[in-house]
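Report on the structure given below.
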Amino acid sequence: MAGKRHFDVRRQPGFAFVAMFSFFALYLPMALLVVYAFNAGDSLALWEGFSFRWFVSAWQNDTVQDATLRSVIIAVCAAVLATSAATMAALATTRTRPYRGQTFTYALINQPLMIPEIVTAVALLIVFSRIKVWTDYSGLGYLIAAHTAFCVPFAYLPIRARLESMDLSLEVAAADLYATPWKAFRYITLPLLRPGIIAGFMLAFVISLDDVVITEFVKSGGQDTLPTYMLGQLRRVVTPEINAIATVFLAFSVVIVTAFFLMTRKKT
Amino acid sequence: MQPHEVEQAAIRRGTMRRWLLSAPALVIIFLASFGPLFVMLAFSVLEKGDYGGVKPWTFSFDGWANVFFQHDIFTGELGFADAHLSIFWRSVRLSIITTALTLVLGFPTAYFIATRPRKTREIWVFLVTIPFWTNLLIRTFAMQEVIRNEGVINTVAMRLGMISEPIQIMYTDWAVLFGMTYVYLPLMVLPLYASMEKLDFRLVEAAYDLYANRFKVLRRIILPLTKPGIIAGSILVFIPSLGAYVTPRVLGGGKNMMLGNLIGLQFGKGNNWPLGAAISITLMVVVMVALLVYVRATARAGGDDRGR
């Protein structure tokens, strides 16, 4: 109340400064990337005025259009499949007494998170290149399968968390009122679980959309996704067109993450 | 007798249902993530094909031998594969330094967030979460903009007259180091914050009452209590650093490879799949050991708490 500052036990000298530096360092590079996407000139260093020129040129670039479409198709398929599989697995592994094989199930579901991505990528390259020779099929199926696998643990997390914090009494009540197990699931469990499922789907979608390494090794010729296209471009002379693509990508990610954050936020 | 059997049948049905429900997730992960690792193990002991791939059913331990040894091109003598060893060493060294740097930056950052009022804390956490979920390639590319010869650091330093010529940062180990620190910083901050959020500041207050100074409080109270977070963050940064592919490829260029790039190379221009498979398995084993150390360490930290 009085203007006198009392001794703050939480303060540590210099910590706030380092923290500010960290936030500055986290956002400065991204801010620059976004700013130069609007540069009128060819350069990533000299500012020559504001323009949407590079967004237009990226939009009209056929390769970029194809890659974007492919990225979205893969991400939608992988996220739908991974979320369905993860929802079922979460229903099986939560709210139960420990059973034989539960640890095994946990371990296998989280396995993709424990192996370096490059290792999974080359292992998939080995297996899929064989299958491609045997079956003569070289479509997007391989990429969708690979993406689905590494998306499952991400989709599983929020769904499982939601299930574990859910009240069982409503389902018990439904069963008492002669609801069949399916009806109880359809009208009680599923609606209660929906936020978890949506959160899981969004995570899986973003994770699939962002993937570079596994896609780079699994894709057949001409199957570039947006990230692998960008990786290829970085080796050449870079124009702000890459910044424009990255900016749109970034904006999209931020929207999804914000939505995810608002949805899973603990209500206090 | 009768009810017991009914119960047993119900349990069996429950178990059956659980396995059926988990089946799709388990099958897809086995087919497209876990299973291929075994195929890779098999490939590591086959002879390399002339144009990539392997010669089927021709066993050879060349792939494994080549991880550490090589025949001299001219004399045919067997010596250490210096190039591979230096890449191994660089990967381990850069990963350790990256972990240390993210800890030095991340610890105060997490502490800062944890000591904010509850309302604003969420916003700070959100600010760390956004880079965490944005594309790693885009963030690497953003870092490139900063450290390039025509980038911010060099431009500003030259304008200020601190340097007359741009400092070459791109395509050096420094670039990889900066890039990885930048990219993996959120992975350090988030687990650290999780452990600091639970910090009981009454203990800190008690220490001050007992005439501890700020540094002593940090060293004797805050650090020991946040040890699980420090271990978790370090492992979360160390493991992806060791297997990094994108960041060293973009910022390190062709010369400053890390393990991930060495593996990738064997499946591309190197055309030596068994060697690539052997290096992959080596990397995987190192990561597994690191994870094991982590599990052991957290178990011990938990045991300490109980003993206190």
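Using a 10 Å cut-off around each Cβ of peptide B:243-249, what is the average number of partner chain Cβ atoms that fall inside?
Average neighbour count from other chains, rounded to a whole number: 5.
Once you have a ≥ b ≥ c as the square roots of the Cα gyration tensor eigenvalues for chain B, tell me rounded if a/c is under 1.5, and otherwise prolate or oblate according to whether a/b is larger than b/c.
Taking the square roots of the gyration eigenvalues as a ≥ b ≥ c, chain B is oblate.
Hey, what did chain A get for relative contact order, percent, Cα under 8 Å, at least 6 apart?
The value is 30 percent.
Taking a ≥ b ≥ c as the square roots of the Cα gyration tensor eigenvalues, with a/c under 1.5 meaning rounded and otherwise prolate when a/b beats b/c, else oblate, which class fits segment B:138-202?
Since a/c reaches 1.5 and a/b is larger than b/c, the shape of segment B:138-202 is classed as prolate.
Please arrange A:Arg97, A:Arg70, B:Arg139 by how many other C-beta atoms lie within 10 Å of their C-beta, fewest to most.
With the sparsest Cβ surroundings first, the list reads A:Arg97, A:Arg70, B:Arg139.
Please identify every one of the chymotrypsin sites (Phe, Trp or Tyr not before Pro) in segment B:177-283 that sits in a loop by DSSP and has no more than 11 other beta carbons within 10 Å of its own beta carbon.
Answer in residue order: B:Tyr211.
Using +1 on the beta carbon of Lys and Arg, -1 on that of Asp and Glu, and nothing else charged, what's the dipole of the protein assembly as shown about the Cα centre, debye to 20?
Details: 51 positive and 35 negative charges, 439 e Å.
With only Lys, Arg, Asp and Glu charged at Cβ, the dipole is about 2100 debye.
With point charges of +1 on the Cβ of Lys and Arg and -1 on the Cβ of Asp and Glu, referenced to the Cα centre of segment A:172-220, which listed residue (A:Ile198, A:Leu209, A:Val172) lies farthest in the positive direction of the dipole?
Selected residue: A:Val172.
As a check on your grasp of the helix formula, calculate [θ] at 222 nm for chain A: sum -39500 (n - 2.57) over DSSP H runs of n ≥ 4, divide by the residue count, round to the nearest 500.
Here the helix-only value at 222 nm equals -24000 deg cm²/dmol.
Taking the Cβ-Cβ separation of A:Val35 and A:Phe104 as r and a Förster radius of 30 Å, what is the calculated FRET efficiency to the nearest 0.05?
0.05
I need the fraction of alpha carbon pairs in segment A:62-264 separated by more than 33 Å, rounded to a whole percent.
25
Span-like helices, chain A: DSSP H, alpha-carbon axial extent 24 Å or more, mean Kyte-Doolittle 1.6 or greater, which ones?
A:15-37, A:190-210, A:240-264
Give me A:Thr63, B:Thr129 ranked fewest to most by other Cβ atoms within 10 Å of their Cβ, as a rough exposure proxy.
Arranged by neighbour count, lowest to highest, A:Thr63, B:Thr129 become A:Thr63, B:Thr129.
Based on a Kirkwood Rh over C-alpha pairs, give the Stokes-Einstein translational diffusion coefficient of segment A:174-246 at 10 °C and viscosity 1.306 mPa s in µm²/s.
Details: Rh = 16.0 Å.
Approximately 99 µm²/s, per Stokes-Einstein.
Kindly put B:Arg118, B:Arg18 in sequence by how many other C-beta atoms sit within 10 Å of each C-beta, fewest to most. Let's see the in-between values first.
Working: B:Arg118 8, B:Arg18 20.
With the fewest neighbours first, B:Arg118, B:Arg18 line up as B:Arg118, B:Arg18.
When averaged across all projection directions, what area in nm² does the alpha-carbon convex hull of the protein assembly as shown cover?
With every direction weighted equally, the projected area is 36.9 nm².
Checking understanding here: applying a Kyte-Doolittle mean of at least -1.0 and a length along the axis of at least 20 Å (C-alpha), which whole DSSP H helices in chain B pass?
Passing helices, by number: B:2-29, B:82-114, B:118-133, B:173-197, B:227-242, B:273-307.
Once you charge only the Cβ atoms, +1 for Lys and Arg and -1 for Asp and Glu, what is the size of the charge dipole of chain B about its Cα centre, to the nearest 20 debye?
For chain B, the charge dipole is close to 1140 debye.
Which length gain, in nm to one decimal place, applies between B:Asp50 and B:Asn213 when the Cα-Cα distance is subtracted from 0.36 nm times their residue separation? Could the numbers behind the result be given before it?
Working: separation 163, 0.36 × 163 = 58.68 nm, distance 6.76 nm.
That pair, B:Asp50 and B:Asn213, stretches by 51.9 nm at full extension.
Calculate the all-directions average of the projected area of segment B:191-256's alpha-carbon convex hull, and give it in nm².
Averaged projected hull area, Cα only: 6.0 nm².
All of the numbers you see were taken from the coordinates with simple rules; none came from a lab. Please read all numbers here as calculations on a predicted model, not as lab measurements. Don't worry about glycine lacking a Cβ; one is built from the backbone with ideal geometry, like all the others, and counts go over all protein chains shown.
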